[in-house]
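Below is one structure, written out as structure tokens, with a few remarks after it.
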């Protein structure tokens, strides 16, 4: 092959795909139909559930209104009140709101398209530990009233992989919905172990790698205990083209060998869950933005990351 | 079972059987990884199945699947959260050895150096044979953008090929 002046792109592409492997079973029509049918059933169930929840909420509102009209006497509303729990599961928390300046989506940096970021030489995930998904979930929900006053946080989904199908590493992923005054949003954890490199060195490696160095608002943090972090001050993404793609990110590199990434997005992770077919790696387009700001500041995301990095590890 | 479900399954099965290989090749040219290409195409076909009655009315099956494939690829590149590993070698596949594998590796590396949107434009125009207007519609941009992305993409591919060829020659000499 030579780099020709007149590049025959089609011929080059043909050459690339001529050595393709046989079609895998995952593309068998019967298997695809079966998965498609499961999704349809889930959608129907979700619609039915949403309709039931709306009906229940309407009943509560009507009952409360009637109660107010008759002078606030206790009545059937006290019986109906727990219906709220069905809309927000028992894991939800709510506290008094306090003013926080949240990044507006339109402030998003226009970051050039990213390239892969490998690990520094000598880094390995073998034998390293991770916190359990259940512990991450519990810690985040417990900290939410303090870190996100006034917000309602609901657990959406947890994945724990000993060998992540894409990266080959162990991984924990936990998604949450977050409803605050700005509307519905979400935040999520992605946790990887690392060995063979210090936390500070790994943070520096990521900081100097694309896409971080192209986002001028990225800040590096050094913790007194030898851990380190990265925080994006502004949402990442090109708002003009992808208003729903804006997001804030924070990473905490714990000295014990755990990297905790936290992102915060202007749409609910529960909306992404159905589209992703319960597979966090399909990378389908993000749902439409449902608010004009990110639901938390990147610094708040960093606090969540730091908190979770302190959890006990198991290999 | 909803009305017409049997018809859908039969038509869907026939469509997948006929187009899965081609769509997977398109996805592979976009992402450079057969496993990821399979994931992307699987996702696209499942969505097609769920939207079958809506899509089939307009007889735009290929366009629908192609759009999902390209957007999934671009969004994955844009997502920028999970760590991606740069690969030093071709992904492990059960491929039948055909042609010159070294030159394919070189070409794959060169293609990986082309920015994602430019790469998508090259694949749509030169592999899928879409014209400028159709490419612009699929990517949601202007025809002028498609033209400029095509030009830049070709430049980037030529440059990357030159570099890959020079590197290979140096390795041979060493």
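Numbers for the structure displayed
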| item | result |
| --- | --- |
| Separation in nanometres of the label points that stand 7 Å from Cα toward Cβ, at residue B:113 and residue B:129 | 3.0 |
| A:177, A:299 arranged by Cβ crowding within 10 Å, fewest neighbours leading | A:299, A:177 |
| Residues B:49, B:64 arranged by fewest to most Cβ contacts within 10 Å | B:64, B:49 |
| Ranked packing of A:181-193, A:22-34, most packed first, by mean Cβ within 10 Å | A:181-193, A:22-34 |
| Peptide A:34-41 - average C-beta neighbours from other chains (10 Å radius) | 4 |
| Stokes-Einstein D (µm²/s) once Rh is taken as the Kirkwood radius of segment B:99-174 over alpha-carbon pairs, at 20 °C in 1.002 mPa s | 162 |
| Residues A:159, A:267 arranged by fewest to most Cβ contacts within 10 Å | A:159, A:267 |
| Averaged over B:31-38, number of beta-carbon atoms from partner chains that fall within 10 Å | 3 |
| Peptide B:46-54, shielding by other chains (average Cβ, 10 Å cutoff) | 4 |
| Projected label distance in nm at residue A:123 and residue A:220, using a 7 Å step from Cα toward the beta-carbon | 1.3 |
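FYI, it's all coordinate maths here, none of it is from the lab. Because the structure is predicted, anything quoted here is derived from the model rather than measured. For neighbour counting, all protein chains shown are included, and Cβ atoms are generated from backbone atoms with ideal geometry for every residue, glycine included.
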